[in-house]
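We did not get these values from a lab; they are worked out from the coordinates using the rules stated. It should be emphasised that the depicted structure is a prediction, and the values quoted were computed from it without experimental measurement. Here the Cβ positions follow ideal geometry from the backbone for every residue, glycine too, while neighbour counts run over all protein chains shown.
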Amino acid sequence: MPMDPLGEKIREIFYEESVYKDPQKSKVFSSLNIPSYLRDWLVKKFSDEEGNIDIEAIREFIREKIPRKEDAQVLKDRLINKQEQVSILAKIVVEIDIATGEALFHLPELGLPERKYQGRVERYLIQKYGEELLSLEGAWGIVTLDWRIEKVPGKSKEEGRLVCVDFKPFRPYRIDIDYYKEARREFSTEEWIDVLLRAMDYNPEGFISKKAKLWMIARLLPFVEKRVNLIELAPKGTGKSYVYSQLSKYGWLISGGSISRAKLFYDLNRRKPGLVSRFDYVALDEIQTVHFPNPEELRGALKGYLESGEYRVGNHRGVGEAGFILLGNIPIDFQGENRKVFLTLPEFFQESALIDRFHGFIKGWELPRIKEGMKARGWALNVEYFTEVLHRFRDDLTYRAIVDSLLYVPSHADSRDVEAIKRISTAFLKLLFPHVERPEDVHIDEFKKYCLDMAIEMRGFIRKQLHIMDPEYSPNLPEIEVIY
């Protein structure tokens, strides 16, 4: 293996949490639709101390333990005809049926079972793993299934049912946030930026500038801070979809198609919370192709949610913590803050009052196109571990308190501008300086350069575009400054 000082440092400090990334050997996963957080776990499981991967062992494990949707009939044959008890690595979604009190399950990746009441979970598993199994977004783990002839609620005779008889949560790492914070102290800021990029599966050497690196890291803001609302317009091939669909099990990416109020917020007919209540972020990809069947109804609900995190659907009032992200391609003629950038958005979003509720804009045209040399090679933080840590930071209020104490805000400042700048600054502080515990721990010049200045630039772009859309809006931000 070539000399890699940073990789060796990562391996030394994060020995249990690091994995050797090799783009060529990882191609076995590309056709299997396995997200990166599962890929890295498999690589770690089937690698030796030097990072050499046993590809055949991985293939065998995938064949045996990670069936795909087209394998559903084979799985049913093993359960029903061969009377096997089958254990697979899968995502399981569980809900308690009010009428019967049973815990019913669904395996969304496999489309099993096909009808309600055809699958139930043993009661003792709910008692033991209820926190994981009853989460709204579902849980990954080793699911053990059996097929039994049982009395089905509402039916006069017995029928075959799938029964989840065992479950082991997918927890490949013990998360110690304090250890992560202390480990950050071992790296310089420039090194840590590269550590983050490697964890995202990118090669830091593929970026032409430190600013480009920060634009890439900005995509992680909703991973660490609740309700960060972003817009990113970028040329094709810059990796927008990958970050939001593959890195974290706590996010949800929608690519084109029709988006309803029920899907996003609350389904009155099914009495089921929508995506914003179940995930850390919801990203609308290929935004130019998204269709909204009842635009005025949805726009009203979206405005309220982007502003306060609350929404109302009928008589139901709900809350969510998901950031809302718009992703789209942008022609070269529109790339620049003095162009009418938001004319490339669907008409649904071309309303200044709606755009004003987005906290920041990521200049995707300042990011490099993803080529083979852009893919991480060498020791890096495991994606599963990394994104689990970021998820835990969302509940930590310490960083916002630090940001509040560090910034001077003029009394005439627009509240939305202030909140946007503080929220983005807080997220960058969590990402880049997770080890700070008090304002005195913060290196002021670094905080200004990497957190505040980025937040001002991201919100400033929104502000200038608002002025272009509607002259009633000033193009200028309030002069928020660091207190030295």
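Rounded to the nearest 500, what is the 222 nm mean residue ellipticity of the chain from helices alone, with -39500 (n - 2.57) per DSSP H run of 4+ residues and division by all residues?
Working: 18 runs with 169 residues, N = 484.
Helix contribution divided over all residues of the chain: -10000 deg cm²/dmol.
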Inset, instruction - Name the residues whose placed amide hydrogens come within less than 5 Å of the amide hydrogen of A376, ignoring near sequence neighbours (fewer than 5 apart) on the same chain. - result: Y202, N203
Legend entry - Linear extension gain, I332 paired with A99, 0.36 nm per residue minus alpha-carbon span: 78.2 nm
Inset, instruction - Only Cα pairs under 8 Å and at least 6 apart count here; give the relative contact order of region 210-373 as a rounded whole percent. - result: 36 percent
Inset, instruction - Quote the relative contact order of region 69-169 in percent (integer), defining contacts as alpha-carbon pairs under 8 Å separated by 6+ residues. - result: 29 percent
Legend entry - Across K91/K363; K249/K371; K45/K371; K226/K263; K249/K340, pairs whose alpha-carbon gap is larger than 30 Å: K91/K363; K249/K340
Inset, instruction - Nearest 5 is fine: what % of DSSP beta bridges in the chain come out antiparallel, could you say? - result: 65 percent
Inset, instruction - May I ask what percent, to the nearest 5, of DSSP beta bridges between residues of region 210-373 are antiparallel? - result: 25 percent
Legend entry - Tilt relative to the chain, helix 55-65 - C-alpha long axis, 0 to 90 degrees, to 10: 60 degrees
Legend entry - Built amide H within the under 5 Å cut-off of Y281, gap 5+: W252, G323
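Which entries of K76/K157; K82/K151; K213/K430; K69/K128 show an alpha-carbon separation above 24 angstrom in the structure shown? Could the numbers behind the result be given before it?
On the way: K76/K157 21 Å; K82/K151 22 Å; K213/K430 16 Å; K69/K128 29 Å.
Among K76/K157; K82/K151; K213/K430; K69/K128, the Cα-Cα distance tops 24 Å for K69/K128.
With a 10 Å Cβ neighbour count serving as the proxy for reagent exposure, in which order, fewest first, do M454, M3, M469 appear?
On the way: M454 24, M3 7, M469 18.
Ranking M454, M3, M469 by Cβ neighbours within 10 Å, fewest first, gives M3, M469, M454.
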